Amino acid sequence: MKRKRAIRLLLAMMLTVIVALTANLTWANGVTVLPPESYPYGMTYGQWGALWWQWELQAPINKDPVSDTTGAYSGNQLSNSVFFLAGSFGGGPIVRHVNVPAGRALFFPLYNGVLTYPEDVPAGLNPRYGENNTRILLNDSLKDVPVSDLVAFVDGTGPLPSYRASETFNFTFPPDSAAVTDWLSWEGVPYQPGYHALNFTDGYWTMIAPLSAGPHTVEIKYPADGSYVDVTYNLTVIPLPSTLLFFGSGLLSLLGFRASRRH
């Protein structure tokens, strides 16, 4: 009886490992997509999407990563595990050159939106249903998106899959952010600086497992608001500084020396 239980337990453990290993989708050239069911880095795609929007909404107009045409404003990242990339507002091809620390996954939208309550919700709607109203409005804007036209390539591999995900989040709009100083809401009114308890994002996203050190190319292409987004990232994945590697090897050598003296 105990032997049968042990066999069942072993099979269950093997199945768990197999599911975990097959959750990720590996393509050519070592490109691996981390799908939503893999719960990448302990968060849902929707939660990563909400964090992506906080990264974008915090930026001032002169450092907006979506308006960026060179890659100079890809900094101010909010995660040590995931590096955010951005599309554009359309209007022609854009090429960005960006350094990415080794060991970070890449996360970016193929088509996304965000609504903020109350600026984006028509006046007169009951505030009690603010979240439901924003969900309905944003869903209406996404329901006719041609998903087959949302394409991403990494090192020529693709088109890679994207996944729809949504999330609510709170956010404090800085007074100098692009959203406050330059954008207008869906209702044609400016966004107000300060705390907003209800923001809702929905869209199609992709997360790529960390790439090897060296040069890589990421292409993001999709139609948007009568225009076309065409962004190419020329990435350089930067390995750990050699000084750290030297320190680590030196420390190991010292420990080995001390151990040898004990013998």
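What follows draws every value from the coordinates through simple rules; no lab data is involved. Keep in mind that what you see is a predicted model, and the values were worked out from it rather than measured.
3J(HN,Hα) couplings calculated from phi for segment 164-180 with the Karplus curve 6.51 cos²θ - 1.76 cosθ + 1.60 (θ = phi - 60°) are, in sequence order, 7, 7, 9, 6, 9, 7, 9, 7, 9, 6, x, x, 9, 5, 4, 4, 7 Hz; Gly and Pro show x.
Across segment 206-217, rounded Karplus estimates of 3J(HN,Hα) from the backbone phi angles (6.51 cos²θ - 1.76 cosθ + 1.60, θ = phi - 60°) give 9, 10, 10, 4, x, 8, 5, 4, x, x, 8, 10 Hz, Gly and Pro being marked x.
Couplings for segment 182-196, taken from phi via the Karplus curve 6.51 cos²θ - 1.76 cosθ + 1.60 with θ = phi - 60°, read 9, 8, 10, 6, 4, 8, x, 10, x, 6, 8, x, x, 6, 10 Hz in order; Gly and Pro are left as x. For residue 110, the residues 5 or more places off, or on other chains, whose built amide H falls under 5 Å of its own are 204, 205, 206.
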